[in-house]
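What follows is calculated from the coordinates using simple rules that are stated; it is not laboratory data. Small disclaimer: the values here were computed from a predicted structure and weren't measured. Note that each Cβ is placed from the backbone with ideal geometry, even for glycine, and that neighbours are counted across all protein chains shown.
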Amino acid sequence: MVENIANVCVFNRGGLNSSRSLFWGIGVWWVKTVIENPLSGERVTFSEQESANGNDLLRFEWSVRPQGPLPDKVKQYPGHAHPISEERIRIVSGKVWFRSGGVENIVLEGQEAIVPPGTPHSWWNVGDDEVKAIVEFRPAGEIRSFFETTFGLARDGELGKGFRTMLRYAVICHDFKNDVKVLQRSERWGVLLFWPIGKLFGYSSRYSSKSRLAAT
């Protein structure tokens, strides 16, 4: 789930400042990892039990806090696409404005939005309550790593630093181009021009959070 330019670079993922919990089910323990993005208001919960699916499927719980009325800039923003993966979003509670392939809908509790590979799409929590959903990507690709990197950067305050953020953003978008594709023309040109410079400055598309490094 990536929603606009701010959240593409922030999004939609850091796991790096994350919490891990043990759950019991069907005679075995499994781990759930929760990552949060303070800038976008998103929370993602990965179940390590899902890793048994390999690269065929990534399934996780997703939530986002209320975001207020739908801004014009979000409606005008072309959104993003997942070049190789189908995305399914099943709403458990809440109300989401969703645009896929140019078609706008309000997706409610119990409904599902399906986004074919390569289809431009955007979303916004237009309700008064937190949205909760189950999200699936087929195939999984590197979507989880993208979330962990961008959420980690957001949590550690590594975004919003002008030219440094632009270089890091370009490297991330370039290296994850098979998983998340930006569609705004200015962003696409920025990625093309600045990712080599970002690499020269040592920026990586993978990120280990400050808190994790301090703990090791």
Inset, instruction - State, to one decimal in nm, how far the label point of Asp72 lies from the label point of Phe163, with both points 7 Å from Cα in the Cβ direction. - result: 3.3
Legend entry - Pairs from Lys132/Lys181; Lys161/Lys199; Lys32/Lys95; Lys75/Lys199; Lys95/Lys132; Lys132/Lys177 whose Cα-Cα separation, in the structure shown, is over 21 Å: Lys132/Lys181; Lys32/Lys95; Lys75/Lys199; Lys132/Lys177
Legend entry - Label-to-label distance, nm, for residues given as Arg88 and His174 (7 Å Cα→Cβ offset): 3.6
Legend entry - Neighbour-count ranking [beta-carbon atoms within 10 angstrom, fewest first] of Asp129, Asp179: Asp129, Asp179
